[in-house]
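Take a look at the structure set out below.
The values are calculated or read from the model by the stated rules, or taken from the named source; none is laboratory data. It should be emphasised that the depicted structure is a prediction, and the values quoted were computed from it without experimental measurement. Neighbour counts run over all protein chains shown; Cβ positions are idealised from the backbone, glycine included. Quick note on the areas: whole protein, heavy atoms, side chains included, nothing else; ligands and nucleic acids left out. Shrake-Rupley method; radii C 1.70, N 1.55, O 1.52, S 1.80 Å.
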Amino acid sequence: MRATTIHAPGDIRLSDVADPTIDLPTDAIVRVVAACICGSDLWPYRGENDIDPGSTIGHECIGVIEEVGADVRAFRPGDFVIVPFDHCDNTCVHCVNGAQSGCVNLGFTLSGQAEYARVTQADGTLVSTGGVPDSALMPSLLALSDVMATGWHAAVAAGVTPGSTAVVVGDGAVGLCGVLAAQTMGAQQVIALSRHAPRQAVATAFGATHIVAERGDEATERIMELTGGVGADAVLECVGTAQSITTAFDAVRPGATVGFVGVPHGVELPVRRMFRNNVGLAGGMAPVRKYLPELLDLVTSGAITPGLVFDQSLPLDDVAEGYRRMDQREAIKVLIEP
């Protein structure tokens with residue numbers, strides 16, 4: 001099959017690789033109908049993560065089941081499904097406790113930006129759309145495989161409640177979905193940190209009541225001004241850098257929580273300040289399968305349209321250009337069509 005591979009920092013290629021196979025009886029093979037590039041894919045692209053040269057890359061996709069293993073009971077070939085990036089059996093003690101991202105049989109989508117992807121623990125992982133969706137729904141359904149569920153997880157972890165004030169640090173696709181999540185959960189004031197006009201426009205469309213373009217201390221001053229000197233009831237940290245974590249803890253009020261979903265790189269926590277102000281930290285890798293039923297209902301009912309984060313689409317042949325555009329912030333999120 002044709003698949004996106006990474007060979008070195010900045011070196012993305014479309015390669016011919018072996019088709020994925022049913023390795024375990026709980027597996028399924030999905031023909032990818034739509035995929036995308038994630039902000040976390042840019043970490044290895046920029047040389048911030050180790051690279052296995054020639055390995056496939058991409059973990060967000062939706063598509064049609066081509067083949068299932070002997071133990072798969074809930075799905076059959078021809079079913080249209082959403083593929084959470086983190087696979088789970090949805091029955092182990094951790095899954096039952098709502099921590100599907102800590103499943104004892106955890107797996108991951110490894111060739112989302114390709115023609116086919118293997119899904120481990122298919123019965124527990126996949127979610128059917130109940131038929132082939134309308135093309136207009138495809139971007140929003142694709143967003144549910146990671147970024148919308150991750151933004152939702154940030155809002156849940158931060159403790160967003162009706163009438164609260166939420167600050168969202170990060171204007172990538174996850175941060176923008178965090179804005180949408182906070183608004184959907186009833187936050188009265190949603191403050192989005194963004195310096196880029198196209199992202200500010202999406203944040204506003206998703207329900208941001210205020211945009212803060214400043215960074216560092218100036219951003220904190222502006223947030224305190226908007227919150228009457230109190231700080232935020234909930235902060236969604238959606239980047240994972242030292243600066244974003246610092247801003248998140250500067251913005252949160254005593255007794256509140258920072259919900260973090262940005263993959264941490266070079267981060268040190270202000271533990272003494274957390275102790276002194278009783279500030280909590282929660283979040284981590286999103287248990288996508290936990291949130292999918294609710295999010296699917298919100299999308300199909302028209303209550304939310306997270307697919308607005310996709311501002312560009314490219315064929316699989318041009319996937320390397322999609323990486324370049326996202327790396328250079330010429331695109332918010334690129335949808336890839338195999």
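The residue list 21, 75, 33 was ranked by how far each Cα lies along the charge dipole of the stretch 14-120 toward its positive end, using unit charges on Cβ atoms, and 75 comes out on top. When mean projected area of the Cα convex hull in nm² is calculated directly from the model, which label among (i) 22.0; (ii) 15.9; (iii) 17.0 fits? Working out mean projected area of the Cα convex hull in nm² from the coordinates points to (ii). Placing unit charges on the Cβ atoms only, positive for Lys and Arg and negative for Asp and Glu, gives the stretch 1-155 a dipole magnitude near 220 debye about its Cα centre.
For the chain, the carbon plus sulfur part of the accessible surface works out to 49%, probe radius 1.4 Å.
For the chain, relative contact order (Cα pairs under 8 Å, six or more residues apart, normalised by length) works out to 18 percent.
Stretched out straight at 0.36 nm per residue, the stretch from residue 297 to residue 321 would grow longer than its current Cα-Cα span by 5.3 nm. Maximal additional length on extending the residue 329-residue 217 stretch stands at 38.0 nm, based on 0.36 nm per residue less the C-alpha distance. Once the C-beta distance of residue 135 and residue 108 is scaled by a Förster radius of 41 Å, the resulting FRET efficiency is 0.90 to the nearest 0.05. If R0 is taken as 30 Å, the Cβ-Cβ distance between residue 52 and residue 271 corresponds to a FRET efficiency of 0.30. Each of 127, 116, 54 was placed along the dipole of the stretch 53-150 (beta-carbon charges, centred on the mean Cα), and the one lying farthest toward the positive end is 127. Packing around the peptides 308-317, 23-32, taken as the average count of other Cβ atoms within 10 Å per residue, puts them in this order, highest first: 23-32, 308-317.
The residues of the stretch 5-83 expose, per residue, 45 Å² of accessible area to a 1.4 Å probe. In this Cβ point-charge picture (+1 for Lys and Arg, -1 for Asp and Glu), the chain has a dipole of about 880 debye about its Cα centre.
Shape of the stretch 257-338 from the C-alpha gyration tensor: oblate (a/c of 1.5 or more and a/b not above b/c, with a ≥ b ≥ c the square roots of its eigenvalues). Under a model in which nothing but the beta-carbon of Lys, Arg (+1) and Asp, Glu (-1) is charged, the stretch 157-267 shows a dipole of about 240 debye around its Cα centre.
Rounded to the nearest whole Å², what accessible area per residue is found for the stretch 109-176 with the 1.4 Å probe?
I get 26 Å² per residue for the stretch 109-176.
Residues within the reach of a label modelled at residue 313 (point 7 angstrom out along Cα to beta-carbon, backbone nitrogen below 18 Å), restricted to the stretch 108-144, are 113-115, 132-144.
Peptides 235-241, 280-286, 187-193 ranked from most to least packed give 235-241, 187-193, 280-286, packing being the mean of other C-beta atoms within 10 angstrom over each peptide's residues. Between residue 205 and residue 70, the FRET efficiency from the beta-carbon distance, with R0 = 41 Å, is close to 0.35. Distance between the C-alpha centres of the stretch 32-79 and the stretch 290-338: 14 Å, rounded to the whole angstrom.
By per-residue mean of other Cβ atoms within 10 Å, what is the highest-first order of 56-64, 248-256?
Numbers: 56-64: 24.0, 248-256: 20.7.
In descending order of packing, they fall as 56-64, 248-256.
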